[in-house]
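Here is the structure we will look at.
The values are calculated or read from the model by the stated rules, or taken from the named source; none is laboratory data. The model shown is predicted, which means the values in this text are computed figures rather than measured ones. With ideal geometry, Cβ positions are generated from the backbone for all residues, glycine too; neighbour counts draw on all protein chains shown.
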Amino acid sequence: MAGTLASTRIRAKASTKRAFSGAARAKTARRLRAWPHVIDEATGKQRAGVQSLRRAFTILEAVARRREGIGLADLSKLVGLHNSTTFHLAKTMVALGYLRQEKDTKRYRVGRPLFALAASALDEVEMVNLATPVLENLSRKTGETSHFAVHMNDAVVVLARTSGSGAFQLTDRVGVVRPAHSTALGKAILASLRPDQLQYFLKRSKLEPSTERSITDARMLLREIDEIRRTGVAFDDGEFNLEVRCVAVPVRDFTGNVVGALGVSGPVWRMSDQRIKSGTKIVLSAAAELSAAFGATD
């Protein structure tokens with residue numbers, strides 16, 4: 001009796017083992033047959049995601065280059081996509097805030113969050129990183145000390161500088177603060193202010209002289225600023241240091257606004273009128289290069 005029960009249990013276990021083994025093999029086989037489809041599906045989704053991202057960034061770049069905005073039909077033609085595809089991608093970006101659509105014209109423009117992202121990325125450290133190679137190249141071409149400065153209260157602060165190859169280079173250090181009204185860098189920045197901002201600056205600034213050549217009269221400073229706005233170039237002829245002449249040009253960022261100024265300085269005996277004239281073209285080119293690095297499109 002005992003032997004019969006034991007034999008029955010052994011046969012039952014074997015039968016169960018075969019059943020489970022067969023089920024496991026069948027399940028494994030189904031998984032193996034399904035894997036290529038799963039892999040293909042995952043790869044397809046990945047490719048579709050990359051394609052959508054590429055298209056979205058292409059649309060963003062196209063809209064960013066059109067300051068007057070751009071309509072759906074022109075945008076679709078520009079990026080090479082069907083109207084419906086462009087519409088759905090643009091609609092998503094509008095919902096996220098990275099694009100905005102004007103109610104009247106239906107034109108697309110860049111949204112504020114995109115500006116906020118760019119502004120947070122373009123901090124002082126990044127400015128220095130981008131400005132330094134431009135300044136180095138400028139110093140190589142002119143042989144003079146090159147500076148990049150930004151506005152700080154009623155003055156300017158030098159964020160980056162490089163020395164040239166000529167003798168008697170200036171020794172100004174990074175971080176030095178200079179008066180805006182008696183330096184080329186400062187006047188280039190002052191010329192970018194709105195009339196009300198400039199008037200406020202004149203009211204609170206004493207226009208104290210640094211040398212006998214410094215501009216201390218508000219009307220004279222305003223006339224010079226008008227000339228800087230007309231030409232896009234500022235000069236300092238011994239106004240901060242009697243032995244130094246400078247030329248500076250404003251630098252713009254992705255918003256089109258002036259964020260600083262770039263210039264070169266050298267001793268008066270080397271910075272002749274002819275040298276300044278030829279150097280001005282080089283400074284203008286360097287400022288355009290740095291502005292482009294900051295995201296300016298013009």
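Key figures
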{"quantity": "Segment 209-239, residues that are assigned to a loop (DSSP other than H, G, I, E, B) and closer than 20 Å to residue 150 by Cα", "calculated": "210, 232, 233, 239"}
{"quantity": "Cβ pairs under 6 Å, 6+ apart, first in segment 244-267 and at pLDDT below 95, second basic (Lys, Arg)", "calculated": "258/252"}
{"quantity": "Given (1) within 25 Å of residue 195 (Cβ to Cβ); (2) assigned to a strand (DSSP E or B); (3) among the β-branched types (Val, Ile, Thr), number of the condition residue 264 does not satisfy", "calculated": "(1)"}
{"quantity": "Per-region count, segment 270-283, residues under 12 Å from residue 233 (Cβ atoms), buried (at least 16 other Cβ atoms within 10 Å of the Cβ) and free of Cβ contacts under 8 Å to residues at least 60 places away in the same chain", "calculated": "2"}
{"quantity": "Tally, over segment 59-74, of residues that are farther than 20 Å from residue 254 by Cβ, in contact (Cβ under 8 Å) with a residue 24 or more places away in the chain and in a helix (DSSP H, G or I)", "calculated": "1"}
{"quantity": "Residue within segment 142-157 that is among the small types (Gly, Ala, Ser), outside any helix (DSSP H, G or I), more than 22 Å from residue 289 (Cα to Cα) and touching a Leu at 6+ places or on another chain (Cβ under 9 Å) present", "calculated": "no"}
{"quantity": "Some residue of segment 115-126 being under 18 Å from residue 295 (Cα atoms), outside any helix (DSSP H, G or I) and either in contact with an Asp or Glu (Cβ under 9 Å, 6 or more places away or on another chain) or not small (Gly, Ala, Ser) (or both)", "calculated": "yes"}
{"quantity": "Subset of segment 191-215 [surrounded by 13 or more Cβ atoms within 10 Å (Cβ to Cβ) and in contact (Cβ under 8 Å) with a residue 24 or more places away in the chain]", "calculated": "191, 192, 198, 201, 205, 207, 209, 210, 211, 213, 214, 215"}
{"quantity": "Residue count for segment 156-169, restricted to those that are modelled with pLDDT of 80 or more, crowded, with 17+ Cβ neighbours inside 10 Å and among the small types (Gly, Ala, Ser)", "calculated": "1"}
{"quantity": "Exclusive hit being modelled with pLDDT of 90 or more and surrounded by fewer than 14 Cβ atoms within 10 Å (Cβ to Cβ), set 139, 76, 84, 120", "calculated": "84"}
{"quantity": "Some residue of segment 181-194 being closer than 19 Å to residue 247 by Cα, of a type in the set (Val, Ile, Thr) and modelled with pLDDT of 85 or more", "calculated": "yes"}
